[in-house]
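Participant: Please find one structure pasted underneath; my questions will follow.
The values are calculated or read from the model by the stated rules, or taken from the named source; none is laboratory data. Please read all numbers here as calculations on a predicted model, not as lab measurements. Because the Cβ atoms are built from the backbone with ideal geometry, glycine has one as well, and the counts that use them run over all protein chains shown. Quick note on the areas: whole protein, heavy atoms, side chains included, nothing else; ligands and nucleic acids left out. Shrake-Rupley method; radii C 1.70, N 1.55, O 1.52, S 1.80 Å.
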Amino acid sequence: MNRILNPPIIVAALLLLVAGAGALGWLWLRDGRVTPNAVIVVMLPLGLLLAGILAWGNDRSQIGITAWAITMFAAIIPAWYVLQYGSGNWFAQWRFLIGYGVFYLAVLPIFTLWLAGWTAWVLPAPGAMPVAEYRLKQRVQSLANAGLDLRIEQLADEPDRIFVTRDFRDGKRTIGLRLTFVPERHCVLAREISLIRGDKPMDASEARITSSIRPRDGTHPDADLIYEASLTVTPPRETIRQQVALRITDDRVEIAAGHDVASDPENLAHVLTLLVHQSGWAWQGVFANWQRGCRGH
């Protein structure tokens, strides 16, 4: 994938250009001229965008996250320049501030939602013909016998869905995915949930989740037990999928290589993505029930 010529970078660049044009337009209306420093400041966000993309690889999730972060923060640079170096006090620039802020707040959520869908979308494998829906479901069901300690359920009243869950750390944590099959688009919608039922923190970030303060005298833990339930979407990672090899025989799936990677609970979404990808279907991560559509490209 070309890191520069792809939709997120093109859209992010256009947003940054529009924001910069607004800043230059305000400077021109106010002073009747535009200094070279102003042009440099306006072009700086574009430079940050290109540098970030070139520095952080060509993985789809890396491109999406980098484009979002830089667009979110770099667009503030032209506004900061106008407010910082404009004549009068900060409140004298209120017209520009309101107009710029309204545009920023109106466009950014739309861009973020679109970018999230793009980042969580995985196209079918090149040249792979999509298998029938029932065959793909059989392949997902066969993962229960692939040594991954999975529970796979299909409810009678929801024939278009399969629930895949994995418990770990003595059942105190669960990673679950609800797979909704859209056969007319050859797409699988994946809604993911993470559950923690009274487990100790696994890292420093989790240790900050709890609000209680314990004395750090060596006799007390850094944090209490964690209880949490959250919806999440695992960004697709091609590098992880490449470490796992699936062997599909008569719709029976086995882990041919990379079993250690596949058995990591945090990689469950990547294993399912790989299975769907190799079966000629597309994968779309979603956050909520109202997200029912596939991207369709």
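Participant: Got a sec? Which of Ala116, Ala79 is modelled with pLDDT of 85 or more and in a helix (DSSP H, G or I)? Reasoning before the result, please.
Facilitator: Numbers: Ala79 fails: modelled with pLDDT of 85 or more.
Exactly one residue qualifies, and that residue is Ala116.
Participant: Still on this structure, please answer the following. How do the pairs read when you match residues in the stretch 236-265 that are not assigned by the TED database to the domain that holds Leu189 with residues anywhere that are acidic (Asp, Glu) and not in a strand (DSSP E or B), using Cβ under 6 Å and keeping only pairs 6 or more apart or on different chains?
Facilitator: Qualifying pairs under 6 Å: none.
Participant: Continuing with the same structure: Can you name the residue in the stretch 146-168 that is open to solvent by 80 Å² or more (accessible area, probe 1.4 Å) and at pLDDT 90 or above and is also farthest from Val261 (Cα to Cα) among such residues?
Facilitator: Checked the stretch 146-168; the qualifying residue farthest from Val261 (Cα to Cα) is Glu153.
Participant: Residue by residue through the stretch 49-60, note down the ones that are surrounded by fewer than 18 Cβ atoms within 10 Å (Cβ to Cβ) and either at pLDDT 90 or above or of a type in the set (S, T, N, Q) (or both).
Facilitator: Residue satisfying the conditions is Asn58 alone.
Participant: Of the conditions (1) in the same structural domain as Gly32 (by the TED database); (2) at pLDDT 85 or above, Arg95 fails just one. Which one is it?
Facilitator: Among (1) in the same structural domain as Gly32 (by the TED database); (2) at pLDDT 85 or above, the lone unmet condition for Arg95 is (2).
Participant: Let me ask something else about it. Scan the stretch 1-30 for residues that are in contact (Cβ under 8 Å) with a residue 60 or more places away in the chain and open to solvent by less than 30 Å² (accessible area, probe 1.4 Å) and report the count.
Facilitator: 4
Participant: Given the condition outside any helix (DSSP H, G or I) and closer than 18 Å to Val11 by Cβ, answer yes or no: does some residue in the stretch 98-110 qualify?
Facilitator: We begin by selecting, within the stretch 98-110, every residue outside any helix (DSSP H, G or I); these are none.
There is no residue in the stretch 98-110 that is outside any helix (DSSP H, G or I) and closer than 18 Å to Val11 by Cβ.
Participant: Also, quick follow-up: Among the residues of the stretch 169-200, count how many are in contact with a strand residue (DSSP E or B) (Cβ under 9 Å, 6 or more places away or on another chain), open to solvent by 40 Å² or more (accessible area, probe 1.4 Å) and without any contact (Cβ under 8 Å) to a residue 60 or more places away in the chain. So that I can check it myself, show each step before the final result.
Facilitator: Going through the stretch 169-200, the residues in contact with a strand residue (DSSP E or B) (Cβ under 9 Å, 6 or more places away or on another chain) turn out to be 169-182, 185-200.
Next, only the ones that are open to solvent by 40 Å² or more (accessible area, probe 1.4 Å) stay: 169-170, 172, 185-186, 191, 193, 195, 197, 200.
When the remaining residues are screened for being without any contact (Cβ under 8 Å) to a residue 60 or more places away in the chain, the result is 169-170, 172, 193, 195, 197, 200.
Here the count works out to 7.
Participant: Scan the stretch 120-136 and give yes if some residue there is among the small types (Gly, Ala, Ser), at pLDDT 90 or above and surrounded by 18 or more Cβ atoms within 10 Å (Cβ to Cβ), otherwise no.
Facilitator: no
Participant: Take the conditions in contact with a Pro (Cβ under 8 Å, 6 or more places away or on another chain), more than 25 Å from Ile63 (Cβ to Cβ) and not in a loop (DSSP other than H, G, I, E, B) and apply them to Arg139. Does it pass? Please lay out each step first, then the result.
Facilitator: Numbers: in contact with a Pro (Cβ under 8 Å, 6 or more places away or on another chain): no; more than 25 Å from Ile63 (Cβ to Cβ): yes; not in a loop (DSSP other than H, G, I, E, B): yes.
Spelling it out, it is not the case that Arg139 is in contact with a Pro (Cβ under 8 Å, 6 or more places away or on another chain), more than 25 Å from Ile63 (Cβ to Cβ) and not in a loop (DSSP other than H, G, I, E, B).
Participant: Taking the stretch 38-64 on its own, how many of its residues are touching a residue at least 12 places away in the same chain (Cβ under 8 Å) and assigned to a helix (DSSP H, G or I)?
Facilitator: The number of residues fulfilling the criteria is 18.
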